Structure formats: structure tokens, C-alpha cells
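> Structure provided below as C-alpha cells; questions to follow.
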């Protein structure tokens, strides 16, 4: 089973994903933005049958990591985006953690006042 948890920064995605993975599902925790450091887990995600709880979706991380690339190489970006759709597995369940923006913003400590 592949589960994805999405939402604003500060909504509790990481806490919930790790808790689900460790305590409830006996699954691997996966954060796509850290995939370069953990290629084995990425391969499990693509080819494996083990349950994985994903903190954010693939596309969130792609956009966060390479904003300049997305703007400069629009056609290549579209091609890569469509390639991801066919290569990366679909999630069985996606959960959106919704909370008021002010609450999420107050939880983050990396913003400018």
C-alpha cells in the first residue's frame, strides 16, 4: 500500500506520516525530497510491494527542488512531468491535511516576520 500525505507546511504531515509508518502500518517512511540520499527506498517505492507512507507527493518535491529549472526549460519540464506519471507508482490513498493558513504559518519557524 502506498499512502501520500499532503498539506501546507506546518500542517503536521511529517509527524503523521512517521507515526503511521512506524506505529500503525509497519511501513517505510519516505520523503521524496530526500530521495537522492536514499535511492534504495525510492527503488522500493517504484518496484517493491512493501507499504510506504510518503510525506508530500513527488511533484511537490520536484517543484521545491528545481524552481529555476522549471522556468528556464518549460518544454523539458513538461516532458519530465509526464515521464514521472508513467514511471512513478500511483498512491493507493492520498490524505490532505487541511487547517487554517494562520495556524500553519504560526507553526513554521523559517518565515520572515
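The values are calculated or read from the model by the stated rules, or taken from the named source; none is laboratory data. Keep in mind that what you see is a predicted model, and the values were worked out from it rather than measured. Quick reminder, even Gly has a Cβ in these numbers, built from the backbone with ideal geometry, and neighbours come from all protein chains shown.
One line per residue, one yes/no per condition, for (1) under 15 Å from the mean Cα position of the chain (by Cα); (2) at pLDDT below 80; (3) farther than 30 Å from residue 100 by Cβ; (4) assigned to a strand (DSSP E or B):
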site: 23; (1), (2), (3), (4): no, no, no, no
site: 34; (1), (2), (3), (4): yes, yes, no, no
site: 42; (1), (2), (3), (4): yes, yes, yes, no
site: 63; (1), (2), (3), (4): yes, yes, no, no
site: 82; (1), (2), (3), (4): no, yes, yes, no
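> Now for a separate question. Name the residues in the stretch 65-77 that are more than 29 Å from residue 16 (Cα to Cα) and modelled with pLDDT under 75, would you?
Result: 68, 69, 70, 71, 72, 73, 74, 77.
> Pairs under 6 Å by beta carbon, first residue closer than 20 Å to residue 55 by Cβ in the stretch 74-98, partner assigned to a loop (DSSP other than H, G, I, E, B), six or more apart or different chains?
Short answer, once both residue conditions are applied: 92/1; 97/11; 97/12.
> Also, I was wondering about something else. Within the stretch 1-17, restricting attention to residues that are assigned to a strand (DSSP E or B) and in contact with a helix residue (DSSP H, G or I) (Cβ under 8 Å, 6 or more places away or on another chain), which residue is nearest to residue 108 (Cα to Cα)? So that I can check it myself, show each step before the final result.
In the first step, residues of the stretch 1-17 are kept if they are assigned to a strand (DSSP E or B); the result is 2-7.
Those still in the list that are in contact with a helix residue (DSSP H, G or I) (Cβ under 8 Å, 6 or more places away or on another chain) too: 2-3, 5-7.
Numbers: 2: 27, 3: 24, 5: 18, 6: 16, 7: 13 Å.
Among those that are assigned to a strand (DSSP E or B) and in contact with a helix residue (DSSP H, G or I) (Cβ under 8 Å, 6 or more places away or on another chain), it is 7.
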